[in-house]
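The values are calculated or read from the model by the stated rules, or taken from the named source; none is laboratory data. Since the model is a prediction, treat every value here as computed from it, not as a measurement. Here the Cβ is made from the backbone with ideal geometry for all residues, glycine too, and neighbour counts use every protein chain on show.
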Amino acid sequence: MKVIMTCGGTGGHIYPAIAIADKIKEKQPDAEVLFIGTKKGMENRLVPAAGYEIKGIDASGIDRHHLLNNIKTAKDFIHGGHEADQIIKEFKPDLVIGTGGYVTGTVVKHGAHFGARCFIHEQNAYPGVANRVLESSCEKVFISFPQAAEHFKDKSKIVLTGNPIRAEFLSQENIQHWTKTVLVCGGSLGAEMINKAALEMIKRNPDYTIIFVTGKRYFDEIKSVLPNVPENVRLIDYENNMPERMHEADLIVSRSGAITLSEILASGKPAIFIPSPNVTANHQYHNAKSVADENAAVLIEESQLAGNIGLLADEVDRLLADETKLSVMAENAKRTAKLDAADIIYDNIFN
């Protein structure tokens with residue numbers, strides 16, 4: 001069995017691909033797995049670290065704000081197509097599985113042309129244009145949120161799987177501590193509005209612990225504003241062991257990228273989601289709303305924070321004071337989480 005996994009750009013596309021590849025290798029140790037990504041994306045670090053070979057092709061996205069930049073996008077599409085053809089001809093895959101990123105469209109389309117069985121996995125509640133276009137080239141479309149099914153034409157291809165996540169988020173035990181703990185994290189680079197709201201929380205001198213992951217971009221700025229860090233605040237620029245931090249928290253404040261959201265649900269934690277407004281089709285809002293509708297999280301939009309920076313602190317205070325509410329949200333998070341996504345995907349491909 002020869003499998004091409006194709007993904008790129010962000011961890012939200014790359015980690016699910018690695019989880020699917022790991023499941024295939026677990027079930028079929030003799031399977032050959034090759035990743036195809038972009039030439040400069042973070043997949044070139046994460047994929048080899050996971051033990052897989054990766055090859056790169058030219059790929060870039062459409063720039064709707066600077067139309068001249070799309071000349072390069074067109075060139076990348078043509079040249080990347082030739083590169084994908086060459087790799088596919090040499091490797092001769094039985095399967096091509098795409099999990100998102102600019103590179104996926106090219107590789108899945110060309111894989112289908114050469115007769116490979118093709119599949120895609122959509123992480124978000126609101127699918128991107130590329131995956132909606134790729135539907136016609138694929139045998140099945142795996143989705144993580146029920147709402148995504150509305151945006152695909154052939155419902156017979158749709159399989160609700162959830163997001164494949166790393167095993168570390170499932171195997172950790174909750175960490176006991178004397179005071180309530182709130183984890184605040186706006187992503188690896190950070191989020192300015194979330195950081196401002198977290199500073200407002202700290203100014204109120206709360207009686208709970210705050211693990212404040214600022215993001216590398218904002219760490220020095222936060223340190224300058226907060227030169228004397230209170231004893232109940234742990235200030236971190238980037239957290240390498242997010243599974244442990246999540247299991248330490250009683251409440252998590254976070255963006256709502258699909259994988260982060262799925263990891264929080266798998267950890268069984270109540271959350272306050274503050275979606276990034278700067279993403280395609282506002283998909284983080286749709287992700288967060290789908291969980292808030294299950295009473296597993298609270299949704300706050302950045303526009304609300306802009307008008308009232310203390311809103312986050314108010315909501316954290318309200319939730320931490322209500323043990324019943326936290327418990328119900330935690331149970332709903334566990335119920336909403338899909339912990340066997342990789343198994344479902346494997347079974348639907350091979351059985």
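Couple of notes before you dig in:
- Hey, A21 of a type in the set (G, A, S), part of a helix (DSSP H, G or I) and either surrounded by fewer than 22 Cβ atoms within 10 Å (Cβ to Cβ) or out of contact with any Cys (no Cβ under 6 Å at 6 or more places or on another chain) (or both) or not: yes
- Some residue of segment 227-239 being within 18 Å of the chain's Cα centre (by Cα) and without any contact (Cβ under 8 Å) to a residue 12 or more places away in the chain: no
- When segment 203-221 is filtered for residues that are in contact (Cβ under 8 Å) with a residue 24 or more places away in the chain, surrounded by fewer than 16 Cβ atoms within 10 Å (Cβ to Cβ) and among the basic types (K, R), the ones remaining, listed by number, are R204, K216.
- Flag if P230 is part of a loop (DSSP other than H, G, I, E, B), over 12 Å from V184 (Cα atoms) and either of a type in the set (F, W, Y) or in contact with a helix residue (DSSP H, G or I) (Cβ under 7 Å, 6 or more places away or on another chain) (or both): yes
- Output for segment 24-45, where each listed residue is part of a loop (DSSP other than H, G, I, E, B) and modelled with pLDDT of 95 or more: Q28, P29, D30, A31
- Of the listed requirements (1) hydrophobic (A, V, I, L, M, F, W, C); (2) touching a residue at least 24 places away in the same chain (Cβ under 8 Å); (3) closer than 27 Å to R255 by Cα; (4) surrounded by 14 or more Cβ atoms within 10 Å (Cβ to Cβ), V107 misses just one: (3).
- The single condition among (1) closer than 19 Å to G9 by Cβ; (2) in contact with a helix residue (DSSP H, G or I) (Cβ under 7 Å, 6 or more places away or on another chain); (3) crowded, with 24+ Cβ neighbours inside 10 Å that F145 does not satisfy is (1).
- Qualifying position, being of a type in the set (D, E), in contact with a helix residue (DSSP H, G or I) (Cβ under 6 Å, 6 or more places away or on another chain) and in the same structural domain as K75 (by TED's automatic domain parsing), among E135, E139, E122, E150: E122
- Helices (runs of 4 or more DSSP H) contained in segment 96-205 and holding at least 1 residues out of contact with any Phe, Trp or Tyr (no Cβ under 9 Å at 6 or more places or on another chain) and within 30 Å of V229 (Cα to Cα): 168-171, 192-203
- The listed residue being over 29 Å from K203 (Cβ atoms) and of a type in the set (G, A, S), out of A266, A292, A321, A297: A266
- Of residues in segment 233-271 being charged (D, E, K, R) and assigned to a helix (DSSP H, G or I), the one nearest to Y285 (Cα to Cα): E263
- In segment 1-15, the qualifying residues are those that are modelled with pLDDT of 95 or more and not hydrophobic (A, V, I, L, M, F, W, C), and the one that is surrounded by the fewest Cβ atoms within 10 Å (Cβ to Cβ) is K2.
- Here segment 65-95 is the region considered, the condition is being assigned to a loop (DSSP other than H, G, I, E, B) and more than 20 Å from L134 (Cβ to Cβ), and the residue that is modelled with the highest pLDDT is K92.
- In segment 233-275, the residues that are of a type in the set (S, T, N, Q) and under 16 Å from G186 (Cβ atoms): S254, S256, T260
- Looking across segment 261-310, the residues that are within 12 Å of A333 (Cβ to Cβ), surrounded by 21 or more Cβ atoms within 10 Å (Cβ to Cβ), among the small types (G, A, S) and in contact with a strand residue (DSSP E or B) (Cβ under 6 Å, 6 or more places away or on another chain) come down to A271, A297.
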